[in-house]
Amino acid sequence: MTRHLKKAELHCHIEGATPPELALAQAGKYGLDVSEIIRDGAYVWTDFTSFVKCYDAVASLFRTEEDYALLAEAYLTELAAAGTIYSEIIVSPDHGNTIGLGADAYLRGLAAGIEAARAKTGIEGRMLITIIRHMGPEAAERTALYAAKRAHPLVTGFNLAGEERMHRVADFTRSFDIARDAGLGLTIHAGELSGAFSVRDALDHVRPSRISHGVRAIEDVDLVKRIADEGVVLETCPGSNVALQVFPDFAAHPLRALRDAGCRVTLNSDDPPFFHTSLLQEYEIASQVMGFSDAEIDSMTRTAIEAAFVDEPTRTRLLAAL
Ligand SMILES: Nc1ncnc2[nH]cnc12
Ligand SMILES: [Zn+2]
């Protein structure tokens, strides 16, 4: 049991945290048919491509500042009930723009939800603006310029998500330069759908302090050593990886091997209801299926706080809370 352990996560896509019941309520609110994407109370997808389609359809059910506030508050309140003291949500102002809400209102709504959850439970939250690979480098640069304006103080980081098999990290270096110059923390989805070369690309071209997933680095022993030597933090999401068949099962997942090789690893939920998981369940899997001790799990939580994109007084306070 890990319910008694304090928890922290660095990697959850906020629209991907929508429970199907909330998606159904949102669809009812706007009179929309979601029978193509929700069946028997579960999201319908079969591979990464259909997952992204389903994700985008769910995102389109959130149309106002209040909708986004409700989503963030509900998610963070659930996390806090499971003992979570810190969460970074990955946000996409492009979704706000697509729906006609606009990026500022999108962030304001999410921030209101984070603040409401903090007021109720004490959980601390931050937002990482993401660019999306399959939307291409030009769209990414526009989003980076928007992120650099620091539209909300709770925006502290910058990520690259989306279809990893499209484009190379080198295509997005300008975006990352813009985000870095604005003082945002950097992380990149790599080594999830593509192999070790993709992680190497991210480290060579951007040098982020963290890699989102990074688990397929295990295919290259020299790269694993480099990650360990350079102290790069891996935001691992085992439940997501098994759901997307990156690995056939938890026994084949490299979390233990990466940790044993000296890599700094953390536990994360990614898109929890899509992958039939939750942060609590990721902790449970680490404990009950992968056999990590409570002390080993605590050290992953500590690593998450050490690598969090927060100011130093907040980090000190969070570390003291562990
Ligand atoms: N697991 C994932 N990988 C890449 N992009 C994503 N966007 C939402 N979930 C994602
Ligand atoms: Zn992700």
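Annotations for the structure displayed:
- Lysine pairs in the stretch 1-156 whose alpha-carbon atoms fall under 27 angstrom of each other, counting only those eight or more residues apart or on distinct chains, come to 4.
- In this label model, M1 and R207 are separated by 4.7 nm, measuring between points 7 Å along each Cα→Cβ vector.
- For the chain, relative contact order (Cα pairs under 8 Å, six or more residues apart, normalised by length) works out to 19 percent.
- Selected from S293, S87, S209 as most flexible by GNM, with the chain as the system and alpha-carbon contacts under 10 Å: S293
- In nm, spacing of pseudo-spin labels at T64 and A295 (7 Å Cα→C-beta vector): 5.3
- Along the axis of the charge dipole computed for the stretch 7-321 (Cβ charges of +1 for Lys and Arg, -1 for Asp and Glu, origin at the Cα centre), the listed residues V91, L61, T18 are led at the positive end by V91.
- Most mobile listed residue (G214, G231, G31) in the chain, GNM with C-alpha springs under 10 Å: G31
- Model label zone, T98; criterion: amide N under 15 Å from point 7 Å along Cα-to-beta-carbon; scope the stretch 26-42: 37
No lab work stands behind these numbers, since they all come straight from the coordinates. Keep in mind that what you see is a predicted model, and the values were worked out from it rather than measured. We place every Cβ from the backbone using ideal geometry, glycine too, and count neighbours over all the protein chains shown.
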